[in-house]
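Next up is a structure, given as structure tokens.
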Amino acid sequence: MTFTGLIGRLCMYPLQLIIRACVRLRIHPNTDDPTLHKVTPTGAWLMMARDFGFGLDDLRDFMHNGLDGAWIDDTQRRAWRTQWGREFDTLRARLAPEPHPTQQK
């Protein structure tokens, strides 16, 4: 599934409902062609939070989904999951706490 800049903001797209209903669906925001899709890899991750409402726990899971689907050996996968997870958590600790879903607009 690809979302391009041509579509614009997708706030009304029920992506969270689809992901929550499909326990086997694994998401990893990315683009293989930023010029065509008019979104950078960073922009794809930003869209997941800003436009689709995913939180930091979701983004961390998406990061791990990308590693799980990567064509790397299991030793490298485990090392990167540990290293990248630790770095994610370190950066996350620098942020203000996320509001509880009932406190959001």
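The values are calculated or read from the model by the stated rules, or taken from the named source; none is laboratory data. Predicted model, so just to flag it, every value in this text is computed and none were measured. When we count neighbours, we look across all protein chains shown, and the Cβ atoms used for this are built from the backbone with ideal geometry, even at glycine.
I'd like to verify a number: residues in region 48-92 that are of a type in the set (Phe, Trp, Tyr) and under 13 Å from PRO29 (Cα atoms), how many? Show your work before the answer.
Initial filter on region 48-92 (of a type in the set (Phe, Trp, Tyr)): 52, 54, 62, 71, 80, 84, 88.
After this cut, where a residue has to be under 13 Å from PRO29 (Cα atoms) as well, the list is 52, 54, 62.
Residues flagged as of a type in the set (Phe, Trp, Tyr) and under 13 Å from PRO29 (Cα atoms) within region 48-92 amount to 3.
While we're on this one: Out of ILE72, ILE7, which single residue is in a loop (DSSP other than H, G, I, E, B), modelled with pLDDT of 90 or more and of a type in the set (A, V, I, L, M)?
The unique qualifying residue is ILE72.
Considering (1) surrounded by 11 or more Cβ atoms within 10 Å (Cβ to Cβ); (2) of a type in the set (S, T, N, Q); (3) at pLDDT 90 or above, say which one THR40 fails and leave the rest.
(3)
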